[in-house]
Structure formats: C-alpha cells, structure tokens
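Reading through the structure tokens given below for one structure.
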Amino acid sequence: MSLVCLSDFEAYAKKHLPKVTWEYLAAGADDSCTRDDNLRAYKRIRLRPCLLHDVSMIDTKTTILGTEISFPVGIAPTGFHRLAWPSGELSTAKAAEAMNTCYIASTYATCSMEEIVAAAPGGFRWFQLYIHRQRSASVQLVRRAEALGFQAVVLTVDVPYPGKRRDDIRNNFQLPQHMSVKNFEGIFEDQDRSEYGLPANSMEPNLSWEDVRWLQGLTHLPIVLKGILTKEDTELAVRHGVQGIIVSNHGGRQLDGVPASIDALVEIKEAVRDKVEIYLDGGVRTGTDVLKALALGAKCVFIGRPALWGLTYKGEEGLQELLQILKDEFRLSMALTGCRNVSEIGRHLVQFPRL
Ligand SMILES: Cc1cc2nc3c(=O)[nH]c(=O)nc-3n(C[C@H](O)[C@H](O)[C@H](O)COP(=O)(O)O)c2cc1C
C-alpha cells in the first residue's frame with residue numbers, strides 16, 4: 001500500500017486502531033469547533049507565488065533556539081505513544097533523530113525520558129513539562145531532563161484542568177494496565193489513579209506567571225511556553241524573559257471556541273516582533289500549511305496527531321515516512337512560491353480573502 005499524504009495515514013490509523021484508542025487521539029473538547037477550525041483555517045488562506053526565481057536549489061533547513069533542523073517541522077508532545085505502536089516513544093525518538101528534527105517528549109510518555117535518550121542518543125529533544133501539585137515531582141523531572149541533555153523545557157500552560165472530551169467519557173477511556181506513565185515510576189506510587197493512569201487531580205491548577213519565574217530559577221535551560229493564544233499573554237511571556245512560545249490550542253482539546261492556531265498567530269506575531277521565537281502547532285497536515293505558518297511568522301511548526309498516525313502505520317519507519325512526505329511537500333511548496341530558503345518565506349506570500 002502506498003500512502004501519499006498525511007490524510008492517508010489518518011485513514012489507516014482510523015481503520016487499524018481500536019475504536020476507543022482512535023477516539024482518544026481524535027478527540028476535541030466539547031463540540032470540537034476549535035479542533036475542526038484548526039484545519040479549515042489553513043484552507044481559507046491563499047498563496048501569492050513569486051515566479052521566475054530560479055528554484056533549482058531549495059534549502060529547507062532552519063534553526064530553533066540555535067540548533068539546526070533539516071526542515072521546520074518537529075514533533076509536538078503527545079502522551080501514550082505505546083497506544084499507537086508497541087515501542088511507543090522509542091520509535092518516535094528514532095524517527096525524529098533520523099529526520100534530523102526536534103522531538104518534544106511529553107511528561108506523559110509511556111517510555112521514560114532515560115529510555116528515550118538511550119534509544120536515540122544523537123537526537124535533538126525538548127522536554128514538555130506539566131507542573132503537578134506535588135512540586136517535588138516536577139523539580140525531579142526538570143533535573144532529569146537537564147542531566148539527560150534535553151535542550152529546552154516546554155511548559156504547557158493551557159491545562160489547569162483537562163478539557164471535556166466527550167468520547168473519552170462515553171468510552172470510559174483508561175490507559176491499558178500494561179502501560180504506565182514511565183516518567184513517574186517511583187514518584188506517584190500508592191496513589192489513586194485517574195483514567196489516564198496518573199494520580200487523580202494531580203495537575204496544579206493554581207499556576208501563575210510567578211511559576212514561570214520559579215521554573216527559571218530551577219533550570220538553566222531555555223523555557224518555551226506552550227498554549228499561548230493572545231497578544232496580551234505574548235507580551236507577558238516576553239516580559240518574563242522566556243525564549244520561545246508555541247501558539248497552540250492543544251489540538252482543540254482544551255477550551256473549545258478559541259481561534260485556530262494559525263489565526264491566533266497573526267496577532268501574536270504583531271505583538272512579539274522578533275523578541276522571542278514563535279512556533280505553532282494545531283492542524284498542520286500539508287507542506288503548504290507549513291509554508292503558510294512560516295509566512296505568518298512561525299519559525300517552526302509541530303505535528304501532534306499525525307505523529308501518532310505514522311507510528312500506527314509502521315512504528316519508527318512509518319513516522320519517518322510521514323515526516324519525509326511533509327518535508328517533500330514543504331520543499332515543493334517553497335519551489336512553487338519562489339522561495340529558495342526559509343528566510344525568503346515572508347508575509348508577502350499569503351493573503352486572506354475578504355469574507
Ligand atoms: C492524543 C494527544 C495527546 C496529547 N498530549 C499532550 C501532552 O502530553 N502534553 C502537551 O503539552 N500537549 C499534548 N497534546 C497537544 C499536542 O501537543 C498539540 O498541541 C496538538 O496535538 C497539535 O494539534 P494537531 O494534533 O492537530 O497537530 C496532545 C494532543 C493529542 C492529540
């Protein structure tokens with residue numbers, strides 16, 4: 001079978017995963033308006049190609065926080081990769097390493113961060129942090145990530161409480177018995193578990209900007225805030241001295257009704273100018289989506305669900321194949337818009353049709 005675009009991988013995953021797992025991956029919050037808009041919003045944006053530019057040589061490379069990656073697409077943090085493929089995050093790490101791009105490993109990985117690093121020792125990785133009520137657990141995670149060579153801490157700020165995902169409630173979604181959140185081994189033992197295999201109500205709901213300072217005092221690693229959607233929060237992020245932000249609505253799984261991330265990017269870019277690096281996730285499915293996000297000011301984008309579809313197809317190999325397709329599509333979209341390298345991708349390439 002030949003899969004030629006990301007939606008082919010989606011169809012494969014839908015067909016082959018157990019229904020409950022598929023619905024967990026696909027879920028949005030409430031009516032899933034934001035999840036669906038994340039995809040539709042790209043289709044509303046039109047491209048303005050610059051022709052006769054000699055595009056015989058195309059360079060897709062870029063840097064994020066000073067590290068070179070082979071193209072501006074990384075892997076967003078998602079939990080529980082063993083639901084998609086038996087070796088889970090180990091395969092994700094190997095695929096990202098093979099494609100020379102960034103993998104943001106989730107706090108809620110089903111392989112520990114030590115196992116992930118051992119599986120792909122040369123990989124470029126950031127660690128995604130959820131801060132829990134038991135602060136010492138978060139301190140321990142950050143220290144381990146630092147010691148293992150993760151190059152940034154990505155603090156997810158849009159989950160004071162998990163969003164309401166109806167299918168997970170209907171299905172009584174549970175992490176299977178033989179899987180666990182491996183990073184927490186020895187930390188949250190002997191406590192009641194929630195459906196996700198974590199201690200019930202463990203997420204810290206009283207986080208504030210003070211905690212960004214707290215985290216800065218804890219680590220020398222750069223800090224990236226994930227989940228920013230407004231210019232006001234962007235300005236606060238800049239004022240608090242973080243190094244990057246990920247414009248994200250958590251794939252539409254948290255607050256339903258917020259804008260598509262590509263739409264939010266526009267006001268955020270205006271607020272931030274070049275003071276911090278801006279990245280984006282949510283609904284990126286084609287090479288032209290990547291190009292549009294870069295044209296509107298993102299330095300790099302990250303894929304969430306598609307990485308899990310790639311793993312479902314053929315583990316490490318499947319994810320590598322999916323990333324290669326996205327890279328090829330991105331290269332082609334650069335060529336067809338007249339861009340020879342990523343610095344030539346700019347606001348002039350896109351237009352929003354009047355509604
Ligand atoms: C199944 C699933 C699990 C996720 N787990 C996490 C997580 O552990 N930490 C986090 O910061 N974001 C998590 N996210 C959000 C993703 O990082 C990302 O924001 C989102 O998936 C991007 O949208 P996309 O799936 O349309 O690419 C998860 C998303 C999905 C679909």
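General remarks:
- Exactly one residue out of 91, 70 is out of contact with any helix residue (DSSP H, G or I) (no Cβ under 6 Å at 6 or more places or on another chain), in contact (Cβ under 8 Å) with a residue 12 or more places away in the chain and of a type in the set (Ser, Thr, Tyr): that is 70.
- Residue in the range 22-33 that is surrounded by 12 or more Cβ atoms within 10 Å (Cβ to Cβ), in contact with a Leu (Cβ under 6 Å, 6 or more places away or on another chain) and either in a loop (DSSP other than H, G, I, E, B) or not hydrophobic (A, V, I, L, M, F, W, C) (or both) present: no
- Search result, residues across the range 247-265 that are out of contact with any strand residue (DSSP E or B) (no Cβ under 9 Å at 6 or more places or on another chain) and not in a loop (DSSP other than H, G, I, E, B): 252, 263
- Which numbered condition residue 298 misses (of (1) within 28 Å of residue 169 (Cβ to Cβ); (2) assigned to a loop (DSSP other than H, G, I, E, B); (3) within 15 Å of the ligand (Cβ to nearest atom); (4) small (Gly, Ala, Ser)): (1)
- Elements of the type strands (runs of 3 or more DSSP E) sitting completely within the range 57-119 and holding at least 1 residues that are more than 12 Å from the ligand (Cβ to nearest atom): these cover 62-64, 67-69, 102-105.
- Near pairs, Cβ below 9 angstrom, 6+ apart or cross-chain, from the range 232-258 (modelled with pLDDT under 95) to any residue that is within 13 Å of the ligand (Cβ to nearest atom) and not β-branched (Val, Ile, Thr): none
- Pairs, first modelled with pLDDT of 95 or more and away from the ligand (no atom under 13 Å from the Cβ) in the range 262-288, second hydroxyl-bearing (Ser, Thr, Tyr) and not in a helix (DSSP H, G or I), C-beta under 8 Å, six or more apart: 268/230
- Scanning the range 266-295 for residues being part of a helix (DSSP H, G or I) and among the small types (Gly, Ala, Ser) gives a total of 4.
The values are calculated or read from the model by the stated rules, or taken from the named source; none is laboratory data. Keep in mind the model is a prediction, meaning the values are calculated, not measured. Heads up, the Cβs are rebuilt from the backbone with ideal geometry, glycines too, and the neighbour counts pull from every protein chain shown.
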